Amino acid sequence: GKVKVQLGDARNLKDVSDKSISAIITSPPYLNALDYMRGHKLSLVWLGHKISELGNIRSNSVGVEKGPDSTADLHLTTELTKGLNHLEKLPRRKQNMIRRYALDMYEVVEESARVLEKKGQATFVVGNSCIDEIFVENALIIRNSCKMAGLRLVSQKEREIPQNKRYLPPPSYDNVSTFKSRMKTESVMRFSK
């Protein structure tokens with residue numbers, strides 16, 4: 001087959017035509033789970049980015065830990081986070097961080113729905129989060145986003161994340177690591193257009 005690799009943003013797939021993709025498999029960033037920039041810093045420099053550019057890349061990344069822009073649709077954030085429990089117990093800054101993540105994920109899902117052909121499939125793999133001891137079901141944000149974008153849930157399964165296969169495995173000498181206890185499973189959700 002033929003492969004074309006492009007630099008882009010999953011929230012704006014401007015170079016991908018409507019209804020041109022038959023399948024999407026993605027594992028978008030998990031809210032508040034990992035410092036992705038720390039994990040990718042050397043790769044980004046190796047690919048030609050300057051260290052001075054990395055802060056700008058971080059601030060524009062999906063799931064960045066900041067609140068939504070002042071122009072954000074607050075009604076939309078309410079719909080996207082519907083069903084999440086106890087968010088009101090979090091400080092406003094962290095509530096806004098979750099709202100920003102929900103909006104980012106909705107943009108990713110909306111673009112996925114746009115480029116999927118009829119009966120196309122999209123698979124999202126995402127882990128849930130715990131913020132200040134409040135469980136945040138990121139999978140619910142994805143499901144709400146997909147429903148609003150016209151994608152139908154076909155299946156959802158929980159998959160255990162083996163300790164030694166994590167993106168950034170916890171140190172083996174630390175048996176009580178908070179990182180180790182944070183996330184043990186991830187949701188694998190398949191949607192159809």
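The values are calculated or read from the model by the stated rules, or taken from the named source; none is laboratory data. Keep in mind it's a predicted model, so treat the numbers as computed, not measured. Neighbour counts are summed over all protein chains in view; Cβ atoms, including those assigned to glycine, are modelled from backbone coordinates with ideal geometry.
I'd like the residue in the stretch 133-154 that is touching a Phe, Trp or Tyr at 6+ places or on another chain (Cβ under 9 Å) and not in a helix (DSSP H, G or I) and, out of all such residues, is farthest from T123 (Cα to Cα). Restricting to residues being touching a Phe, Trp or Tyr at 6+ places or on another chain (Cβ under 9 Å) and not in a helix (DSSP H, G or I), the top hit is V136. Only one of the listed residues (R143, R99) is surrounded by fewer than 23 Cβ atoms within 10 Å (Cβ to Cβ), under 16 Å from the mean Cα position of the chain (by Cα), charged (D, E, K, R) and at pLDDT 95 or above. That residue is R143.
In the stretch 2-37, which residue that is of a type in the set (A, V, I, L, M), over 11 Å from S112 (Cα atoms) and surrounded by 12 or more Cβ atoms within 10 Å (Cβ to Cβ) is modelled with the lowest pLDDT? Full working, then the answer.
At the first step, the residues of the stretch 2-37 found to be of a type in the set (A, V, I, L, M) are 3, 5, 7, 10, 13, 16, 21, 23-25, 31, 33-34, 37.
This time we only want the ones that are over 11 Å from S112 (Cα atoms), so: 3, 5, 7, 31, 33-34, 37.
Narrowing further to those that are surrounded by 12 or more Cβ atoms within 10 Å (Cβ to Cβ): 31, 33-34, 37.
Values: L31: 83, A33: 58, L34: 61, M37: 72.
Going through the qualifying residues, I end up with A33.
Assessment of the stretch 17-32 against the conditions (farther than 21 Å from L103 by Cα and part of a helix (DSSP H, G or I)) yields no matching residue. Regarding the stretch 119-130, can at least one residue be identified that is basic (K, R), touching a strand residue (DSSP E or B) at 6+ places or on another chain (Cβ under 6 Å), surrounded by fewer than 17 Cβ atoms within 10 Å (Cβ to Cβ) and not in a helix (DSSP H, G or I)? No, because not a single residue in the stretch 119-130 is basic (K, R), touching a strand residue (DSSP E or B) at 6+ places or on another chain (Cβ under 6 Å), surrounded by fewer than 17 Cβ atoms within 10 Å (Cβ to Cβ) and not in a helix (DSSP H, G or I). Considering every residue within the stretch 48-59, establish whether at least one is surrounded by 13 or more Cβ atoms within 10 Å (Cβ to Cβ) and touching an Asp or Glu at 6+ places or on another chain (Cβ under 7 Å). Scanning the stretch 48-59 turns up no residue that is surrounded by 13 or more Cβ atoms within 10 Å (Cβ to Cβ) and touching an Asp or Glu at 6+ places or on another chain (Cβ under 7 Å). Cβ-Cβ contacts under 9 Å between residues 6 or more apart (or on different chains), taken from a first residue in the stretch 64-81 that is closer than 19 Å to L140 by Cα and part of a loop (DSSP other than H, G, I, E, B) to a second residue that is among the basic types (K, R) and at pLDDT below 70, are absent. In the condition set (1) modelled with pLDDT under 75; (2) in contact with a strand residue (DSSP E or B) (Cβ under 9 Å, 6 or more places away or on another chain), G63 is compliant with all but (2).
Screening L103, L84 for residues that are on the phi < 0 side of the Ramachandran plot and part of a loop (DSSP other than H, G, I, E, B) leaves exactly one candidate, L84. In the set (1) under 16 Å from I131 (Cβ atoms); (2) part of a helix (DSSP H, G or I); (3) modelled with pLDDT of 95 or more; (4) not β-branched (V, I, T), the condition left unmet by K94 is number (3).
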